[in-house]
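Trainee: Pasting a structure below so you can have a look.
The values are calculated or read from the model by the stated rules, or taken from the named source; none is laboratory data. Everything numeric in this text was worked out from a predicted model, so none of it was measured. Here the Cβ is made from the backbone with ideal geometry for all residues, glycine too, and neighbour counts use every protein chain on show.
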Amino acid sequence: MCGVALAGIMAGTAHQPADAGVDNAETTTVAAGHRPDACVPAIDARLADPSRSALLPEGGDVSPGQAAEYERQLREALRPLRGQEVEPTRVVPVVVHVISASDGRGNVGDWQIRRQIDVLNRAYRGGYAFGDEGADTGFRFRLREINRTVNDGWFRDFNSQRDRIRERLHRGGADTLNLYTTRLDSGLLGYSTFPQDQKSKPKRDGVVISYDTLPGGDRHRFNEGHTATHEVGHWLGLFHTFQNGCDEPGDYVDDTPYEREAASGCPRGRDTCRKAPGEDPITNFMNYSEDACMTHFTRDQGKRMVDHWRAFRSGANEEAEQEGPDPRLAAVAGGGPSVDVRTTVTPDGTVEVRASVE
Ligand SMILES: [Zn+2]
């Protein structure tokens with residue numbers, strides 16, 4: 001049985017993310033250039049400066065072996081679903097966990113969260129694309145709950161406590177996007193788990209982003225909300241466009257040209273795999289380019305995300321529905337405009353505020 005991989009995004013370029021080193025079955029230590037075996041958990045992160053890849057938590061770079069193993073699991077999970085009809089759109093419930101400091105740092109506004117959801121919806125329907133480069137992936141996102149936690153220790157160092165924090169805060173089933181905003185180390189913009197690992201580590205499933213990457217945040221060149229766009233791409237099964245460099249099978253997507261390494265800034269016209277057709281897909285959301293440079297997912301990336309959704313996330317959705325509605329949302333389900341806010345102070349001084357949105 002394989003472990004968990006995370007995929008993230010760094011701002012900058014040069015080489016691919018590697019792992020900072022961790023201590024449990026979900027995570028793995030990967031030095032830059034080292035290839036872990038196929039069954040080691042990975043994450044995929046986005047870094048502001050890929051040269052600072054040591055910042056990455058969990059698996060960091062997805063090795064060729066890990067990618068192949070994920071592909072095998074995908075094919076296996078899709079086999080029994082062959083021939084089934086695929087709905088044109090899928091609505092993903094989103095629970096946003098805001099982790100902030102007692103002095104107010106990181107306490108992003110509801111308006112920023114709503115704008116972030118808007119950015120996701122626009123990106124996944126092809127709304128940033130030029131001409132016919134992009135596709136409507138069919139994914140839509142609906143804010144279900146904002147869960148605010150004030151905890152200085154968590155805010156100061158999320159990564160070393162991420163398993164405990166996520167296990168405590170996680171909500172919903174495999175179809176629910178748990179999006180955590182907190183402070184991350186300076187070069188790290190965000191990271192994500194992969195759908196193949198949801199079943200074995202359901203409470204760690206989700207996306208973590210630096211709070212200043214939300215639309216209107218302070219992160220220079222990375223404050224238009226596409227760190228979340230990128231990480232959710234991993235959460236739905238996509239690899240980076242530079243996965244496997246110029247070597248087959250690349251990122252397992254037919255309509256994204258091969259690319260030797262991550263892009264930084266917005267290097268238009270770059271072509272790092274001269275023997276393969278097409279210039280580098282530097283404007284693809286699954287690259288490391290700065291936010292303003294990123295415009296689209298391709299049609300085949302959309303299909304690949306749908307495959308992952310059907311294989312690993314939508315089935316769990318049905319099971320969750322059979323269990324009945326979450327009692328904490330009962331007040332909301334009753335109708336009316338509806339924000340249900342509850343505040344909890346735990347013995348260790350953590351203040352949690354949940355707002356259910358319907
Ligand atoms: Zn990434």
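Trainee: Output the residues belonging to the range 221-240 that are more than 10 Å from the ligand (Cβ to nearest atom) and either within 12 Å of V62 (Cβ to Cβ) or part of a loop (DSSP other than H, G, I, E, B) (or both).
Mentor: R221, F222, N223, E224, G225, L236, G237
Trainee: Take residues that are more than 16 Å from the ligand (Cβ to nearest atom) and tell me which of the strands (runs of 3 or more DSSP E) falling wholly in the range 103-195 contain 1 or more.
Mentor: Fully inside the range 103-195 and qualifying: 139-150, 177-182.
Trainee: Filter the range 158-194 down to the residues that are over 24 Å from V353 (Cβ atoms) and surrounded by 24 or more Cβ atoms within 10 Å (Cβ to Cβ), then identify the one that is nearest to the chain's Cα centre (by Cα).
Mentor: S192
Trainee: A follow-up question, please. Scanning the range 274-289 for residues that are more than 12 Å from the ligand (Cβ to nearest atom), crowded, with 20+ Cβ neighbours inside 10 Å and not hydroxyl-bearing (S, T, Y), which turns out farthest from H220 (Cα to Cα)?
Mentor: Among them, the one singled out is D280.
For (1) among the small types (G, A, S); (2) under 30 Å from D163 (Cβ atoms), each residue gets a yes or a no:
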position	(1), (2)
G217	yes, yes
H230	no, yes
F239	no, yes
P257	no, no
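Trainee: Quick check on this structure: which one of R274, R299, R313, R304 is more than 24 Å from N121 (Cα to Cα) and either touching a residue at least 60 places away in the same chain (Cβ under 8 Å) or not aromatic (F, W, Y) (or both)?
Mentor: Result of the check over R274, R299, R313, R304: R274.
Trainee: Pull out all pairs, ordered by first then second residue, where Cβ-Cβ is under 8 Å, the residues are six or more apart or on different chains, the first lies in the range 61-85 and is more than 26 Å from C246 (Cα to Cα), and the second is at pLDDT 90 or above.
Mentor: What qualifies is A77/A311; A77/F312; L78/D307; L78/R310; L78/A311; L81/R310; L81/A311; Q84/R310.
For (1) among the hydrophobic types (A, V, I, L, M, F, W, C); (2) modelled with pLDDT of 95 or more; (3) in contact with a Cys (Cβ under 9 Å, 6 or more places away or on another chain), each residue gets a yes or a no:
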residue	(1), (2), (3)
D61	no, no, no
L81	yes, no, no
V119	yes, yes, no
R122	no, yes, no
